[in-house]
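Below you'll find the structure, written out as structure tokens, and then a few comments.
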Amino acid sequence: MATPFRVGLIGCGRISDIYLENLARFPGIEVVACSSLDAAESRDKAAKHGIAVSCTPDQLLARDDIEAVLNLTVPAAHADISLAAIDAGKHVYSEKPLAASLADATQVMAHAAERGLTVANAPDTFLGGRWQTARKLIDSGAIGAPTGVAAFVGTHGVERHHPNPDFYYQQGGGPLLDLGPYYLSAMVFLLGPIAQVAGMTKRTFDRRQIENGPRDGEWMPVEVDTHVNTLMAFESGVLGSMMISFDVWDSETPRLEIYGEDGSLCVPDPDPVHGANVFEGEVWYRTRDTARWTHQPRPSGRASWQIAPNSHGFNYNARGLGLLEMADAIRTKRSPRANAALAYHTLEAMLGVFKSQRLGEFVSVNSRCERPALLPEDFATHNAFTV
């Protein structure tokens, strides 16, 4: 097995638990230190997950035994922490978005390129089993040439389950920047880059009430729009639409559907609160020859065939898979699939939606990225750290 890929964690909030649990599954990844601005939080996280060192962010960045930084800070701090990590000679894997502005995102990418370092970015859900299966289905021609895509996610925010949800409603937050990356990254993975966007957005509530934890009943201000409708034109000619909202009490529509010349594909969301923020689940499709939804690609396309398992593995909440894939890419000297160019492209598309709302016109997405390649079906057992 290759030398372990040693990681330092900055940002020890709630999301870090699932990362650390999953990274413990990957024997080639070693989290050697964790840090945050709250020393007690860092100590508790280290104790909970058996991490040897708890320290300040500056102390973590000064360590010579750390190859990459896992940046799980709040969105407004992503760029500053990533830039500091790059200055310290570390690769970076960051939560989404890449940055709160295109200028900051450009600086992160340029600085990494100057230093010969790799930046990869969440979401990595498109590396999960069901999204890989959906891509295989499209590439096999099961629904013919894609013509359209539609995505829906409606929830009433995060204040019912997150004890400190304020940052979701501050600049850099909101449903589009929070949930949009999952859907847009999946769309680019399935259909290629986006050429144009248009959008309409609104802020339904000027304040919202926290409904859990020690701050239960406390009101917080809302600085961002919380209901967003988006239109997209892809380079390939596919047309898309997406509704994403923190203002919906309930919905039967959370799903992503792709329409083709010969059929339709559906990726239903098993959890409407999290939308595309899951790796696992079924993939459905039907063609002009079938009368009902079927599961997975089959030679006859008939509804009577049994459900087949997804072929790629990672059919669980595999958050952190993108960090493993980045580490494998660094070891094998290639670009990671969840790379900074993809993250920048989806960020430009999302910020273009808000620009479209202000200008009342379509907005071009000027950046381009490669359509990420499928994972090898045996990636879980055959990567740079297992062979």
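Search the range 176-218 for residues being among the basic types (Lys, Arg) and within 24 Å of ARG358 (Cα to Cα), and hand back the single one that is most open to solvent (accessible area, probe 1.4 Å). Checked the range 176-218; the qualifying residue most open to solvent (accessible area, probe 1.4 Å) is ARG207. For the range 226-253, taking the residues that are under 16 Å from GLU159 (Cα atoms) and outside any strand (DSSP E or B), the one that is most open to solvent (accessible area, probe 1.4 Å) is identified as TRP249.
Can we say PHE26 is over 28 Å from TYR168 (Cβ atoms), in contact with a Leu (Cβ under 6 Å, 6 or more places away or on another chain) and of a type outside the set (Ser, Thr, Tyr)? Steps first, please.
On the way: over 28 Å from TYR168 (Cβ atoms): yes; in contact with a Leu (Cβ under 6 Å, 6 or more places away or on another chain): yes; of a type outside the set (Ser, Thr, Tyr): yes.
Considered against the rule, which asks whether it is over 28 Å from TYR168 (Cβ atoms), in contact with a Leu (Cβ under 6 Å, 6 or more places away or on another chain) and of a type outside the set (Ser, Thr, Tyr), PHE26 comes out as yes.
Within the range 361-371, being over 23 Å from PHE189 (Cα atoms) and open to solvent by less than 70 Å² (accessible area, probe 1.4 Å) holds for no residue. Would you confirm whether or not the range 107-126 contains a residue that is within 18 Å of TRP284 (Cα to Cα), at pLDDT 95 or above, buried (at least 21 other Cβ atoms within 10 Å of the Cβ) and not β-branched (Val, Ile, Thr)? Yes, because at least one residue in the range 107-126 is within 18 Å of TRP284 (Cα to Cα), at pLDDT 95 or above, buried (at least 21 other Cβ atoms within 10 Å of the Cβ) and not β-branched (Val, Ile, Thr). Taking the criterion of being more than 14 Å from the chain's Cα centre (by Cα) and open to solvent by 10 Å² or more (accessible area, probe 1.4 Å), the residues of the range 337-360 that qualify are GLU348, LEU351, PHE354, LYS355, GLN357, ARG358, LEU359, GLY360.
Yes or no: MET326 of a type in the set (A, V, I, L, M), at pLDDT 95 or above and part of a strand (DSSP E or B)?
Values: of a type in the set (A, V, I, L, M): yes; at pLDDT 95 or above: yes; part of a strand (DSSP E or B): no.
So MET326 does not fit the description; no.
For the range 235-266, the tally of residues that are closer than 21 Å to THR133 by Cβ and not aliphatic (A, V, I, L, M) stands at 12. For first residues located in the range 142-158 and crowded, with 21+ Cβ neighbours inside 10 Å, partners that are at pLDDT 95 or above and among the basic types (Lys, Arg) and lie 6+ apart or on another chain with Cβ distances below 7 Å form the pairs GLY157/ARG208.
Taking the range 102-138 on its own, how many of its residues are part of a helix (DSSP H, G or I) and either touching a Lys or Arg at 6+ places or on another chain (Cβ under 7 Å) or not aliphatic (A, V, I, L, M) (or both)? Don't jump to the end; show me each part of the working.
Of the residues in the range 102-138, the ones part of a helix (DSSP H, G or I) are 102-115, 125-127, 129-138.
Of the ones still in play, those that are also either touching a Lys or Arg at 6+ places or on another chain (Cβ under 7 Å) or not aliphatic (A, V, I, L, M) (or both) are 104, 106-107, 111, 114-115, 125-127, 129-133, 135-136.
Number of matching residues: 16.
Anything in the range 57-90 that is more than 15 Å from GLN107 (Cα to Cα) and either hydroxyl-bearing (Ser, Thr, Tyr) or under 20 Å from the mean Cα position of the chain (by Cα) (or both)? List them, or say none.
Correct list: ALA68, VAL69, LEU70, ASN71, LEU72, THR73, VAL74, PRO75.
Please determine whether any residue of the range 280-296 is among the polar types (S, T, N, Q), part of a loop (DSSP other than H, G, I, E, B), within 27 Å of HIS227 (Cβ to Cβ) and at pLDDT 60 or above. No, there is no match, as no residue in the range 280-296 is among the polar types (S, T, N, Q), part of a loop (DSSP other than H, G, I, E, B), within 27 Å of HIS227 (Cβ to Cβ) and at pLDDT 60 or above.
The values are calculated or read from the model by the stated rules, or taken from the named source; none is laboratory data. Just so it is clear, the structure is predicted and the values come from calculations on it, not from any experiment. Neighbour counts are summed over all protein chains in view; Cβ atoms, including those assigned to glycine, are modelled from backbone coordinates with ideal geometry. Please note that ligands, DNA and RNA were not included when accessible areas were found on the heavy atoms of the full protein model with its side chains. Shrake-Rupley method; radii C 1.70, N 1.55, O 1.52, S 1.80 Å.
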